[in-house]
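Throughout, read-outs are computed from the coordinates displayed, never taken from laboratory work. The structure presented is a predicted model; accordingly, all values stated were derived computationally and were not measured. For neighbour counting, all protein chains shown are included, and Cβ atoms are generated from backbone atoms with ideal geometry for every residue, glycine included.
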Amino acid sequence: MPETQNTINQGRVDVYHINWDSKSDASYVKKELVNAFRARAKRVIIHVYNSSDYSYMEKLRDFLGEFLSQTIIIVREKTDSDLR
């Protein structure tokens, strides 16, 4: 997956990027959301790879509500070649 670039502004992370392969365990996303919360991120973008449909939302639904204080944007990347 691509390297993430999290921009820090006055001790706060403006945008926290999470790259997630939807074929792996969703607990990785939860762990990264906790890290984003600790970094006081204003926004979180979850880049989802290897998903031909929206079934990954089932994996994320259980815990996304815990992070309502943050703006969470979920982007389904179009091709697996985006991982390079």
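Details
- Here Lys78 is the anchor, and the lysines within straight C-alpha reach of less than 21 Å, apart from those fewer than 8 places off in the same chain, are Lys23, Lys59.
- Virtual spin-label span in nm between Arg40 and Ser55, 7 Å along Cα→Cβ: 4.1
- In order along segment 50-62, phi translates into HN-Hα couplings of 6, 9, 7, 9, 9, 5, 4, 5, 4, 5, 8, 4, 4 Hz, rounded to whole numbers, per the Karplus curve 6.51 cos²θ - 1.76 cosθ + 1.60 with θ = phi - 60° and x for Gly and Pro.
- Difference of contour (0.36 nm per residue) and Cα-Cα distance, Phe63 to Ser24: 12.4 nm
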